[in-house]
Each structure stands twice: as structure tokens, then as C-alpha cells.
1. I want to confirm something. Restricting to the stretch A:172-192 and keeping residues that are open to solvent by 30 Å² or more (accessible area, probe 1.4 Å) and in contact with a strand residue (DSSP E or B) (Cβ under 8 Å, 6 or more places away or on another chain), which single residue is nearest to A:Ala157 (Cα to Cα)?
2. May I ask you to list the residues in the stretch A:105-157 that are more than 14 Å from chain B (Cβ to nearest Cβ), free of Cβ contacts under 8 Å to residues at least 24 places away in the same chain and under 18 Å from B:Ile9 (Cβ atoms)?
3. Could you pull out the residue among B:Asn39, B:Asn87, B:Asn14, B:Asn6 that is more than 14 Å from chain A (Cβ to nearest Cβ) and in contact (Cβ under 8 Å) with a residue 24 or more places away in the chain?
4. Given the structure, is A:Lys45 away from chain B (no Cβ under 14 Å), in contact (Cβ under 8 Å) with a residue 40 or more places away in the chain, in contact with a helix residue (DSSP H, G or I) (Cβ under 7 Å, 6 or more places away or on another chain) and open to solvent by 60 Å² or more (accessible area, probe 1.4 Å)?
5. Mind checking which residues of the stretch B:338-385 are open to solvent by less than 40 Å² (accessible area, probe 1.4 Å), within 30 Å of A:Ser58 (Cβ to Cβ) and more than 14 Å from every other protein chain (Cβ to nearest Cβ)?
6. With respect to B:Phe331, determine if the residue is among the hydrophobic types (A, V, I, L, M, F, W, C), part of a helix (DSSP H, G or I) and outside the structural domain of B:Phe268 (by TED's automatic domain parsing).
7. Report, by residue number, each residue of the stretch A:193-222 that is assigned to a strand (DSSP E or B) and either more than 8 Å from A:Ala41 (Cβ to Cβ) or open to solvent by less than 20 Å² (accessible area, probe 1.4 Å) (or both).
8. When A:Val90 is evaluated against the numbered criteria (1) more than 15 Å from the chain's Cα centre (by Cα); (2) assigned to a strand (DSSP E or B); (3) not basic (Lys, Arg), which criterion, by number, is the only one it fails?
Amino acid sequence: MKKNNNILSIQNVSYRYSDAEKDEYAIRNISYNFESGKVYAIRGKSGSGKTTLLSLISGLEKCSEGSILFDEKDLKNINLDEYRSHDIGVVFQSYNLLPFMSVSENIILSMDVSGIKIDNKKARALELMKTVGLKDSYANRKVLKISGGEQQRVAIARSLSYDPKIIIADEPTGNLDKETEEDIIDIFKKLAHINGKCVIIVTHSPNVCAMADKVYDLKTNK
Amino acid sequence: MYILKNALISIFRNKGRNILIGIIIFIISLASTIMLAINNTASDLIASYESAYEKEVTISFNRENMMKKSDFSSEDGKEKAKENFSNISSYTIDDIEKFANSKYVKSYYYTYDISLNGSSIQKVTDEKADDSKKDDFHFDKSHGQSSLDFTLMGYSSAEAMSEFIDGNYEITQITDDAWDNIFKGKYVFISDELASYNNTSLNDKIELSDENGNKYEFEVVGIYKEKSNENSMEMFSNSANTIITNADEVVSITSSNNSIKGKLNPTFIIDDYKNVSKIQKEFYSKGLDKNYVLESNEEKVSSSLSSILNVRSFSVTFLIVTLAIGVVVLFVINMINIRERKYEIGVLRTIGMSKLKLTIQFTLELLIIAFISLIIGTGVGFITSKNVSNTLLSNEIKNSEKTVSDIKSNFGGPESKGGPSLEHGYRGMPNVQAYDKVDAVVNVKVVGELLVIGLTLVFISSTSSMITIQRFSPLTILKERS
């Protein structure tokens with residue numbers, strides 16, 4: 001029996017870089033809870049540790065103190081490669097797509113890495129492209145040949161490809177114009193409210209914070 | 001499966017660099033094939049030489065030891081040394097047979113010589129040269145009669161005729177059935193100098209006599225000449241007064257006349273050089289005087305192999321240098337490759353690809369290129385190595401062919417033309433031929449060795465990518481946002 005609805009729980013987490021001084025923390029003593037079906041915004045100024053927090057949540061780094069629980073399991077005790085390829089989808093500000101691959105290849109690569117069993121991966125990729133508002137004709141285009149907004153959509157489609165429970169996005173609208181930003185926000189809202197995902201957005205955009213179900217403020221620790 | 005797909009995509013994406021890597025591996029595998037082929041050919045030649053040379057030991061007097069024990073400072077000491085020397089017991093043909101009856105000894109042959117005077121013929125002489133050769137003090141155990149005119153040299157078989165095999169003597173005239181008779185009866189070969197000095201020719205009879213006046217008649221069936229120039233300042237060669245016959249004839253002379261002492265030089269063909277000391281021990285226990293030691297022909301064999309051993313060690317050195325340079329170059333290219341692909345590694349790591357799978361992918365990429373280049377390199381090496389190794393080793397091959405024909409001509413022609421039949425083949429003559437068949441040079445062994453070399457090369461040079469991947473933090477690409 002689950003004690004609560006939290007899909008992700010950050011408990012007294014602190015992080016200090018290995019080359020930092022003893023008392024110099026990038027983030028300190030943070031405790032947040034995240035539930036499925038909601039959009040969360042984590043707001044903070046530059047240097048407040050947004051990226052650090054994102055890397056901790058996405059399992060790219062391990063926290064120095066405290067613990068992060070996914071589905072009540074401590075990330076310290078689970079295989080983080082498995083976690084990243086199955087349970088959490090990460091959308092980066094710079095998209096982090098592979099430029100030598102086409103749109104559909106980028107999405108399919110994620111499915112391959114996760115090892116998810118899908119009969120027709122190409123069809124699934126087209127379906128995901130439709131979800132994020134990309135036409136079928138983009139499937140075979142190299143990602144460098146499409147606009148920033150479109151690349152961001154591809155990145156979101158990729159993060160959804162293996163059906164993770166959490167989507168975490170780093171400044172997903174940082175490089176985009178206002179109209180595109182609204183589109184992207186819309187996609188995230190649908191993912192949370194319709195598809196039941198837990199969507200966490202690290203941002204300093206007021207628009208994003210305005211549409212979020214809950215906003216966490218990250219204080220500067222320096 | 002997607003790892004292989006990714007690897008293939010990456011190979012085609014980085015065509016330029018991968019072609020460069022391919023060319024390097026091609027050159028390495030080509031050089032390696034040729035070097036391995038040379039190495040194998042050289043090894044074959046060496047094995048052939050070694051099997052052609054019988055492993056032999058001879059009995060020799062331990063002069064050094066004797067000198068150490070003697071005191072030459074006084075007349076007494078000199079006399080004592082002489083006495084000691086004459087007390088050393090000699091060995092007989094029966095002893096030799098006894099010695100040879102050993103598990104280490106495969107066979108044996110010997111020469112047995114005595115000194116006789118000429119009765120119907122005159123000694124070839126140049127008095128001036130002879131005067132200068134007289135020593136004040138010299139040990140000669142068996143040649144008590146060294147002042148006699150001729151040396152009658154008896155050989156137990158054609159194998160024992162090392163002067164002919166080594167090229168010091170050469171038959172110049174011979175009767176048709178000489179080789180059938182020389183080991184059977186009273187037949188002799190004489191030197192060309194002796195022949196012309198006494199106006200003797202083939203089928204003539206010569207008569208020798210011992211100190212007691214007993215006469216021995218022989219028929220001349222062959223005339224030989226000494227080829228070596230050791231005595232070039234003298235009028236006649238050393239062998240001018242040496243008359244060659246078979247050992248049995250010499251035995252029959254010594255056994256009918258006890259005062260004649262012959263000099264017996266046995267040669268034992270043994271199974272392995274490493275048993276020499278065991279054989280010596282065995283001979284001592286069978287009655288060989290401890291003032292004698294056994295000497296093997298190992299050094300002589302290995303010195304005749306020196307040039308080919310050089311070729312072989314050169315090929316090994318060259319191979320190692322090529323591989324070392326290859327590994328370094330590939331390592332560096334790989335390192336650059338990995339640095340340029342940090343972004344890709346970061347992306348793959350963030351979407352959850354494990355370090356192990358990434359390492360497999362990067363190694364697989366190199367492995368595929370290496371495999372293709374290895375096949376092409378080995379193929380080209382396969383075709384060219386035959387010529388290269390034959391050219392490099394052509395001297396050895398020519399020499400060995402020349403030796404065979406030289407020895408045959410020293411014996412007065414091949415067996416088919418009346419030459420002797422040698423039970424153990426032509427001693428010191430390897431059966432070496434030019435390698436016409438490629439598979440003799442590049443065989444399964446070479447291909448196997450190349451495969452191991454190739455794989456080692458790939459794994460060593462891909463350690464750079466392995467280490468980078470292991471140490472890579474995916475957070476790097478988050479921080480290095482473009």
C-alpha cells in the first residue's frame with residue numbers, strides 16, 4: 001500500500017561539487033514532492049542550482065546528502081541507466097538530439113536504448129510526432145534541418161517514446177518565441193492532465209510558472 | 001542489435017576518419033603478414049638446416065687441463081708431463097662401438113690413420129718448408145711414426161669424409177667403380193700432387209711399407225686436390241702426402257702389426273645437444289679416459305645459421321616496431337575521435353545507454369573497420385609475401401642449393417654418376433627450395449597470428465575510448481549547453 005500519491009519525493013537533498021569547498025553547496029536541504037498528473041515548475045535565478053537539481057532528479061548525478069525517492073525507491077539503490085531509459089524522460093534546453101540522425105531515428109533510438117518491446121517503432125514515432133505537433137513529413141529530416149521549436153518538439157517526443165512516468169524539462173521554452181512557447185506549454189499540460197504524467201519544468205519563464213499546478217522556488221545558496 | 005546498427009551508422013557518418021583508420025590497419029596488417037611470412041620462411045629454413053646438420057660430438061684431448069696440471073719450468077717437469085701424457089689410455093675401435101651403444105647415440109663413423117713409408121712412390125717434399133716446421137717439444141700420442149712419409153687415412157664411410165663435405169678436398173679424377181670399391185678393399189685416392197710427382201694415374205698400383213719392412217699394395221681409383229689455400233706460401237699442400245682408403249684396411253694393417261699405432265677420430269651422431277654432458281658421463285663410465293672431453297658441432301651449426309637468424313630477428317623487430325607505431329597512432333586517432341564525439345556520448349548516456357553498451361558500440365566500430373582492413377591487408381600481404389620473403393631469403397636459398405651441388409662435385413659427381421651414397425644424406429646441406437607455393441608462406445598459422453594481432457591492436461587502441469566513457473559524466477553536456 002502506498003502511503004501517498006508522490007511519484008517522486010526529494011527529501012532534505014543537498015549537493016556539493018567534488019571540487020567545491022567544504023561549506024559550498026550548489027543546493028542545500030531541499031525537500032519537494034511531486035505527484036502524477038500535475039505540472040510542476042521549479043523557479044530560480046541563475047546560480048540557484050536549477051541545473052544541479054535537474055541532474056539529480058534525472059539520475060545523472062547522485063545527491064551528497066538526503067535522498068530522492070522514485071516510486072518510494074531511493075535512487076541511490078537503483079540502476080540509474082535503467083531509471084533514465086525507462087522511468088524518466090528528460091527534455092534539455094539545448095534539445096540534445098543527435099544531429100546526424102533523422103527526427104524519427106532520434107525517437108526510435110530512445111526506444112531501442114530502453115529495450116521497450118514495440119512491434120512497429122516507426123509507427124510509434126510518427127504517433128509521438130503527432131502528439132507534439134510535428135507532421136509526418138518531418139520523420140526523415142535530419143534534426144539540424146528543422147527549427148529550434150521543432151527540435152524541442154522532437155526532444156519531447158523522444159522523452160515520451162518509452163512511456164516514462166515523469167517528464168522533466170530544463171528551460172524548454174528558453175530558446176523559443178512566444179507562440180511556440182505556448183504550444184510547448186500546451187503539450188506539457190496535456191501530458192500531465194490527460195496522460196497522467198508527472199511533468200517537472202525547471203524554468204525562469206513567468207508564463208510557464210503561471211500555467212503550472214505548483215511552483216517551487218529555489219533559493220540561492222551562495 | 002541497435003548497438004550494431006548505431007556502430008554501422010557511425011562508421012558511415014565518419015567516413016574520412018574511418019578510411020584513415022582503415023588505411024593504417026591495412027598497412028599494419030600488410031607489414032605484419034609479410035613479416036610473419038618472412039619469419040615463418042626463416043624458421044622453416046632454420047629447421048631445415050638443423051635437420052640437415054647431424055648433431056655430432058667428437059672426442060678430443062683436454063689439452064687445457066693437461067697444460068694446467070703440468071710444470072714446464074724445469075726439465076724434470078717436462079719429462080713428467082711427457083710421462084703423464086703417454087700414460088693416458090687411448091681408445092680402440094671396439095671402445096668406440098661400446099661408446100656408441102647408447103640411447104643418446106644414433107650412429108657413428110670414424111677416421112683411422114697411420115703413417116707409412118713409400119716403397120714404390122716418393123714423398124712429395126719441399127725440404128725448406130719441412131725444416132721450419134720442426135718443433136722442439138710436441139705432444140703426439142698416436143703419431144709415434146710421424147717421421148714416416150705418408151699418412152694413410154682410413155674412413156669408415158662416405159659420411160666420415162668431412163674434408164670432401166666441407167669442401168677442402170675435391171675429386172678430380174675417378175674410376176667408374178671407385179665408390180663401389182673404396183670402402184671394400186685395397187683401393188686408394190691420392191692427391192693430384194702426389195700423382196704428378198710420381199707420374200701415377202688411375203688404376204696404377206702403389207706400394208707402401210711400414211717400419212718393419214712389411215709391404216702393402218693399393219690400387220689408385222681416384223685423384224683429389226686440396227682446395228684450401230692455407231699453405232699458399234708453400235710449394236705443396238698439407239694433404240699432398242695423404243692417401244685415402246677405408247678404415248678396415250688401416251685396421252688390418254695395425255692388427256697384423258702391433259707396433260704401428262693409428263690415430264682414431266670417431267664422430268658420434270647424437271639425438272640432442274643438451275645430452276652432451278650425459279653422453280660424456282656415460283663414455284667415462286664405459287672406460288673413456290677422463291683426459292678426453294666431448295665436443296659438439298653446435299657452434300658450427302649455429303654460426304652457419306647466423307645470417308638467417310638475423311633475417312628472422314629483423315622480421316620480429318620490424319613487426320614489433322610496426323605494431324607499436326600502429327597502436328600509438330590508432331590510440332591517438334581514437335582519442336581525437338572520442339573527444340569529438342563527447343556530445344554524442346553525453347546524449348546516449350542521458351537517455352540511459354549504459355557505459356558497457358557504449359563501450360561495446362565504440363569498440364565494435366573499430367573492430368568492423370579493423371576486420372575489413374585486416375582481410376584486405378592480409379590478402380595483399382598473402383600475394384606479395386611470397387616474392388618478398390623469397391627475395392629476402394634468396395641468398396640462403398641459393399647458398400643451400402650451391403652447397404648441395406658443390407658437395408656432389410667434391411665427391412666426383414652425384415650418386416647417379418658414380419658418386420657415393422650417403423646414408424645420412426649430405427651432411428650440412430639443408431633441403432631448401434624457393435617457396436613457389438604461397439600457402440607455404442602464409443598459412444593458417446599466419447592468419448591466426450594476424451587475427452590475434454589485429455584483435456589485440458583494436459583492444460589496446462580502444463582503451464582510450466573505454467577509459468573516456470568510464471570517466472565521462474553526462475552532466476558535462478548539461479553544463480556545456482550550446
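1. Among them, the one singled out is A:Lys189.
2. Within the stretch A:105-157, just A:Lys145 meets the criteria.
3. On the way: B:Asn87 fails: in contact (Cβ under 8 Å) with a residue 24 or more places away in the chain; B:Asn14 fails: more than 14 Å from chain A (Cβ to nearest Cβ); B:Asn6 fails: more than 14 Å from chain A (Cβ to nearest Cβ).
After ruling out the rest, the residue left standing is B:Asn39.
4. Numbers: away from chain B (no Cβ under 14 Å): yes; in contact (Cβ under 8 Å) with a residue 40 or more places away in the chain: yes; in contact with a helix residue (DSSP H, G or I) (Cβ under 7 Å, 6 or more places away or on another chain): no; open to solvent by 60 Å² or more (accessible area, probe 1.4 Å): yes.
No.
5. Filtering the stretch B:338-385 for residues open to solvent by less than 40 Å² (accessible area, probe 1.4 Å) gives B:338, B:341, B:344-354, B:358-359, B:361-363, B:365-366, B:369-370, B:373-374, B:377-379, B:381, B:385.
Filter once more, keeping what is within 30 Å of A:Ser58 (Cβ to Cβ): B:338, B:341, B:344-354, B:358-359, B:361-363, B:365.
Passing the criteria: B:Ile338, B:Phe362, B:Thr363.
6. Values: among the hydrophobic types (A, V, I, L, M, F, W, C): yes; part of a helix (DSSP H, G or I): yes; outside the structural domain of B:Phe268 (by TED's automatic domain parsing): yes.
Yes.
7. First, pick out the residues of the stretch A:193-222 that are assigned to a strand (DSSP E or B): A:198-203, A:214-218.
The answer is A:Cys198, A:Val199, A:Ile200, A:Ile201, A:Val202, A:Thr203, A:Asp217, A:Leu218.
8. (1)
The values are calculated or read from the model by the stated rules, or taken from the named source; none is laboratory data. These numbers were taken from a predicted model, which means no experiment stands behind them. Using ideal geometry, Cβ is built from the backbone for each residue, glycine included, and neighbour counts are taken over all protein chains shown. Surface areas here come from the heavy atoms of the whole protein model, side chains and all, with no ligands, DNA or RNA. Shrake-Rupley method; radii C 1.70, N 1.55, O 1.52, S 1.80 Å.
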